[in-house]
């Protein structure tokens with residue numbers, strides 16, 4: 001069964017205007033989240049004139065039962081598809097991913113850094129998660145198909161700004177989550193292969209993905225052109241938080257520079 005898309009969790013796109021229309025920006029949300037987490041940033045970048053595509057990953061933005069049927073390879077395939085489609089109508093790509101969306105982009109860009117002019121991550125996980133539940137995950141996924149987000153180490157609406165909602169699930173399908181965790185060692189090994197310009201942003205106060213993850217990315221990247229943006233006023237979903245305008249300003253400058 002497939003559930004309807006939640007109001008506000010729809011994918012979104014803009015064809016772009018002016019000189020920046022030649023630059024395609026793909027935005028990718030995180031695990032259990034939805035396009036709602038990146039919609040304001042998408043609209044701001046479109047307002048700057050960029051061609052923007054905001055994807056909805058399979059199983060997300062509807063009901064957690066849809067997510068139970070999907071795995072890491074499904075989400076990765078959707079990002080690959082969206083990148084190829086966007087590449088077909090722009091001159092260069094500068095994708096940006098939040099949380100797992102950033103991890104997916106790191107994986108894809110590592111295969112061929114030349115396919116993008118640059119790429120960005122915000123609070124992307126690459127380190128193995130700690131805790132006894134994580135260690136027992138391969139066994140527990142057969143006993144507990146669903147766990148509360150808090151038990152999985154995820155803080156729903158991890159946002160300092162009041163009244164914001166990323167439309168994320170409160171329950172985490174164990175097999176879907178473990179499919180991501182199993183990929184993290186491979187993702188880390190690939191980081192030195194990423195030689196394109198990179199934009200790496202992270203919240204110093206993140207209750208879902210420790211900023212140590214972004215520090216690990218910064219240390220391992222093979223790129224000699226890295227823009228680092230620490231965020232002082234935001235939690236994990238920084239794109240719905242107090243630093244949204246700062247992210248938009250700095251990423252616009254990054255995209256302008258690398259797409260020349």
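Restricting attention to segment 135-175 and to residues that are at pLDDT 95 or above and on the phi > 0 side of the Ramachandran plot, the residue that is surrounded by the fewest Cβ atoms within 10 Å (Cβ to Cβ) turns out to be 163. Within segment 77-91, take every residue that is in contact with a helix residue (DSSP H, G or I) (Cβ under 7 Å, 6 or more places away or on another chain) and surrounded by fewer than 20 Cβ atoms within 10 Å (Cβ to Cβ) and give me the one that is farthest from residue 59 (Cα to Cα). Residue satisfying both the conditions and the ranking: 91. Any idea how many residues of segment 33-53 are over 11 Å from the mean Cα position of the chain (by Cα) and within 15 Å of residue 166 (Cβ to Cβ)? Residues meeting the conditions: 5.
Between a first residue in segment 28-57 that is on the phi > 0 side of the Ramachandran plot and crowded, with 24+ Cβ neighbours inside 10 Å and a second residue that is at pLDDT 95 or above and not in a loop (DSSP other than H, G, I, E, B), which pairs have beta carbons less than 8 Å apart while being 6 or more apart in sequence or on different chains? The qualifying pairs are 32/64; 32/67. Taking segment 143-169 as the range and being out of contact with any helix residue (DSSP H, G or I) (no Cβ under 8 Å at 6 or more places or on another chain) and assigned to a loop (DSSP other than H, G, I, E, B) as the test, the residues that pass are 149, 150, 154, 155, 156, 157, 158, 160, 162, 163. For segment 209-232, the criterion of being in contact with a strand residue (DSSP E or B) (Cβ under 9 Å, 6 or more places away or on another chain), buried (at least 18 other Cβ atoms within 10 Å of the Cβ), within 29 Å of residue 74 (Cα to Cα) and modelled with pLDDT under 95 is met by none of the residues.
Tallying residues that are part of a loop (DSSP other than H, G, I, E, B) and either in contact with a helix residue (DSSP H, G or I) (Cβ under 6 Å, 6 or more places away or on another chain) or closer than 30 Å to residue 63 by Cα (or both) within segment 170-225 yields 16.
Please state which one of 31, 3 is touching a strand residue (DSSP E or B) at 6+ places or on another chain (Cβ under 9 Å) and farther than 19 Å from residue 246 by Cα.
Numbers: 3 fails: touching a strand residue (DSSP E or B) at 6+ places or on another chain (Cβ under 9 Å).
Result of the check over 31, 3: 31.
The values are calculated or read from the model by the stated rules, or taken from the named source; none is laboratory data. Keep in mind that what you see is a predicted model, and the values were worked out from it rather than measured. Because the Cβ atoms are built from the backbone with ideal geometry, glycine has one as well, and the counts that use them run over all protein chains shown.
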